[in-house]
Every structure is written in C-alpha cells, then in structure tokens.
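Let me begin by presenting the structure, written as structure tokens, before commenting on it.
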C-alpha cells in the first residue's frame, strides 16, 4: 500500500553490453510495459490507471536511451481502452 505522494521504483531487467550491437542494428529489442490500476479514497469508477511503455535504444558507441512509446504512456482518461 502506498500513501499520498509516495512512490515505488520500477526494477528493470539487466541489459547486457553484449546485446547492445544487436539492439543498435535492429536485430534485437528490449521493451518494458506496465499497466497499473489502483483504488483511491474517492472510489473512482472506472478505477484509476497508469500505463507505461518504453523501448531501449542503443547506438554503436554502446550508449543506451529509453524511448517512450505512445499511446501507452498515459493516466486515467488519457489511456486507450
């Protein structure tokens, strides 16, 4: 249970350096998705939700970045049904 203004961190899986060239050249991909629904003190119907979708990008310099993927980066009414 989380209280007001508390957060919970997401622990993502390991990304191995040996996988970066394949990610950089499109031979492999890593995606992270989360869909959270919860109850609040207001008894909201439908239940509030948050969706998160990210892709790991890499380049030939072994640098990584995270790209948000629409439309699943949203909250409540802004989320696709």
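Taken together, the values in this text are just the output of simple stated rules run on the coordinates, not laboratory data. Not measured: the values here are computed from a predicted model. Quick reminder, even Gly has a Cβ in these numbers, built from the backbone with ideal geometry, and neighbours come from all protein chains shown.
What to note about this one:
- Choice from 42, 68, 17 with maximal GNM fluctuation in the chain (Cα, 10 Å cutoff): 42
- Under the simplified labelling scheme, the residue 10-residue 81 pair shows an inter-label distance of 2.5 nm, with each label point 7 Å from Cα along Cα→Cβ.
- Computed log₁₀ I(q)/I(0) - Debye formula, equal Cα scatterers, no solvent, the range 30-78, q 0.15, 0.31 Å⁻¹: -0.51, -1.08
- Note on the chain: GNM, Cα springs under 10 Å; of 30, 41, 52, the largest mean-square fluctuation is that of 41.
- Most mobile of 46, 21, 71 in a GNM of the chain (Cα contacts under 10 Å): 46
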